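Visitor: There's a structure below that I have some questions on.
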Amino acid sequence: MPWVSATLERKFGHRTLTHSLLGFALFALALSPTLIFSDSLLPWALMGIASHVLLDTFNIQGVPLFYPFSRLEFVAFHNRAWRIPYGSPAEMTLLACVSLGTLALIPLAKGGFSPAFHRMVGSPGATVEDFQRWRDDFKVYALLDGDAPLQREAQRGRRFRILDALGPEMLLVEDESGRAYRLRQARRPMRLKCGHFG
């Protein structure tokens, strides 16, 4: 919003009010009407503002968090040589790294951090937790890597529909042919990845 930022910069200067705790409170107040139609817009906008101010602490100038009461500059590193000059190649490199890191987090935005972490861990307890979250809205499946129930051979990527949770680490599942099994952690390692469909 250049018309807002240009006006603020002319009146207060760059990195003054907009980079202070007072400015943060004023932004929160100005954005509070968005709570009428969205309970998530305000927290995400404030996180964006806070992350901008935090990243500016890596610049040589720092940020005046207590403006207008104090001009004390807050910086990420006391050693000036470690700080990044504004508009320098080092700043562009940092921007590229943060942008790539953000792109890497896109899969988490689709399903949330918890299910993604649970898929990485692959434990029965995590699968039970995901099933209980999704059971009312979706058909929930588990992909099994490990020993199959009542069978001696190891299974890789076999899909079971979850029917119910029998405990904090035990599931009642059925295979493609409709046979029901209890799945739980056995002596040998088993990995479960939970997913839902329609």
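Visitor: Which one of these does GLY87 not meet: (1) out of contact with any Phe, Trp or Tyr (no Cβ under 8 Å at 6 or more places or on another chain); (2) open to solvent by less than 50 Å² (accessible area, probe 1.4 Å); (3) within 25 Å of THR16 (Cβ to Cβ); (4) not charged (D, E, K, R)?
Guide: GLY87 satisfies every listed condition except (2).
Visitor: Are any residues in segment 62-81 closer than 16 Å to THR18 by Cβ, aromatic (Phe, Trp, Tyr) and in a loop (DSSP other than H, G, I, E, B), and if so, which ones?
Guide: PHE66, TYR67, PHE69, listed by residue number.
Visitor: Before we move on, is SER114 assigned to a helix (DSSP H, G or I), among the polar types (S, T, N, Q) and under 30 Å from ALA142 (Cβ atoms)?
Guide: Yes, satisfied.
Visitor: Moving on. Does segment 39-58 include one or more residues that are modelled with pLDDT under 90, open to solvent by less than 70 Å² (accessible area, probe 1.4 Å), over 26 Å from the mean Cα position of the chain (by Cα) and aliphatic (A, V, I, L, M)?
Guide: Scanning segment 39-58 turns up no residue that is modelled with pLDDT under 90, open to solvent by less than 70 Å² (accessible area, probe 1.4 Å), over 26 Å from the mean Cα position of the chain (by Cα) and aliphatic (A, V, I, L, M).
Visitor: Can you name every residue in segment 10-35 that is out of contact with any Pro (no Cβ under 8 Å at 6 or more places or on another chain) and surrounded by 15 or more Cβ atoms within 10 Å (Cβ to Cβ)?
Guide: Listed by number, the residues that qualify are PHE12, THR18, GLY23, PHE24, PHE27, LEU31.
Visitor: Here's another thing I want to ask about it. When you go through (1) assigned to a helix (DSSP H, G or I); (2) at pLDDT 85 or above one by one for PRO107, which number turns out not to apply?
Guide: So PRO107 meets the others, but not (2).
Visitor: Counting only residues that are at pLDDT 65 or above, over 12 Å from VAL140 (Cα atoms) and open to solvent by 40 Å² or more (accessible area, probe 1.4 Å), give me the strands (runs of 3 or more DSSP E) lying completely in segment 156-198 with at least 2 of them.
Guide: Fully inside segment 156-198 and qualifying: 180-184.
Visitor: Could we say that THR18 is assigned to a helix (DSSP H, G or I), in contact (Cβ under 8 Å) with a residue 12 or more places away in the chain, out of contact with any strand residue (DSSP E or B) (no Cβ under 7 Å at 6 or more places or on another chain) and not basic (Lys, Arg) here?
Guide: It is true that THR18 is assigned to a helix (DSSP H, G or I), in contact (Cβ under 8 Å) with a residue 12 or more places away in the chain, out of contact with any strand residue (DSSP E or B) (no Cβ under 7 Å at 6 or more places or on another chain) and not basic (Lys, Arg).
Visitor: Answer with yes or no whether THR102 is open to solvent by less than 20 Å² (accessible area, probe 1.4 Å) and at pLDDT 75 or above.
Guide: no
Visitor: Residues of segment 1-26 being more than 22 Å from ASN59 (Cα to Cα) and at pLDDT 90 or above, which ones?
Guide: ALA25, LEU26, listed by residue number.
The values are calculated or read from the model by the stated rules, or taken from the named source; none is laboratory data. Nothing here was measured: the structure is a model prediction, and the numbers come from that model. Heads up, the Cβs are rebuilt from the backbone with ideal geometry, glycines too, and the neighbour counts pull from every protein chain shown. Protein only, heavy atoms only, side chains kept; ligands, DNA and RNA dropped before computing areas. Shrake-Rupley method; radii C 1.70, N 1.55, O 1.52, S 1.80 Å.
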